[in-house]
Amino acid sequence: MIHLKSPEEIEKMRKAGRIVAEILFELGEVAKPGVSTGYLDEIAEKEINKRGGISAFKGYQPFDDDAPYPAVICTSVNEQVVHGIPSDKVVLKQGDVVGIDLGVIFDDYVGDAAITVPIGKVEKSTRKLLQVTQQSLLEGSCDAGSRTAWEISRRRSSLTRKAMATPSCGSTLVTASAGPCTRNQRSPTTASPVRECA
């Protein structure tokens, strides 16, 4: 069954998504050679708290025998696929590519998104890969008719910086969550599109 969101619910989702976007943008600016992924996590936690949010990741424990997730972001450097745990021992270096995933609960809704950040000067082939995958995301969103989910990119290695991306189909990409999440619920809600018709 499809649950259509009310204008009030959509606005709450926008606020949660905006917090995620702002923090990811800041993390993208800080991610440079010599910075540890643990330091990025510290910044993210301070920014979540400053904005009155709650981490959707920290303390997440899908099974009783699993250890709770220890951080507010996931960081994946180079060949790591997803959900790497930030650490002071993982220091970014020139030419790395880091994925940063962030989830925030705000006003009982979850915003969840990720960015991919080139660290310093990256190889031409890496820069091309980042550009092609970004364009694929935008075109795929157009093909799906989506006006949801959002994208942030950085002005590094000729990538353009956008807080909100508007692909040629006219869709605006913004973060949305599937539904409410109570403050004492520690598991994140999965991001899912909500259609906003013009």
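The values are calculated or read from the model by the stated rules, or taken from the named source; none is laboratory data. Because the structure is a prediction, the values reported are computed rather than measured. FYI the Cβ positions are ideal-geometry reconstructions off the backbone, even for glycines, and counts take in every protein chain you see.
Restricted to segment 19-40, and to residues there that are outside any helix (DSSP H, G or I) and hydrophobic (A, V, I, L, M, F, W, C), the residue that is surrounded by the fewest Cβ atoms within 10 Å (Cβ to Cβ) is VAL35.
Scanning segment 75-99 for residues that are assigned to a strand (DSSP E or B), farther than 19 Å from LEU24 by Cβ and not aliphatic (A, V, I, L, M) yields no hits at all.
You will find that of ALA67, ALA21, ALA44, ALA31, the residue that is without any contact (Cβ under 8 Å) to a residue 24 or more places away in the chain and of a type in the set (Gly, Ala, Ser) is ALA67 and no other. Checked against the criterion of being touching a strand residue (DSSP E or B) at 6+ places or on another chain (Cβ under 7 Å) and either part of a helix (DSSP H, G or I) or under 11 Å from TYR109 (Cβ atoms) (or both), the candidates ILE43, ILE10, ILE48 yield just one match: ILE48. Among the residues of segment 108-116, is any at positive phi and modelled with pLDDT under 95? Among the residues of segment 108-116, at least one is at positive phi and modelled with pLDDT under 95, which makes the answer yes.
Condition check for SER55 on (1) surrounded by fewer than 22 Cβ atoms within 10 Å (Cβ to Cβ); (2) in contact (Cβ under 8 Å) with a residue 12 or more places away in the chain: one failure, at (1).
Please work out which residue is surrounded by the most Cβ atoms within 10 Å (Cβ to Cβ), limiting yourself to segment 113-130 and to residues that are in a helix (DSSP H, G or I) and in contact with a strand residue (DSSP E or B) (Cβ under 9 Å, 6 or more places away or on another chain). Break it down into steps so the answer makes sense when it comes.
Narrowing segment 113-130 to residues in a helix (DSSP H, G or I): 124-130.
If we keep only those that are in contact with a strand residue (DSSP E or B) (Cβ under 9 Å, 6 or more places away or on another chain) too, we end up with 126-127, 129-130.
Working: THR126: 16, ARG127: 17, LEU129: 15, LEU130: 21.
Looking at the filtered set, the residue picked out is LEU130.
Annotation for segment 17-34: no member residue is of a type in the set (A, V, I, L, M, F, W, C), over 15 Å from LEU102 (Cβ atoms) and out of contact with any helix residue (DSSP H, G or I) (no Cβ under 6 Å at 6 or more places or on another chain).
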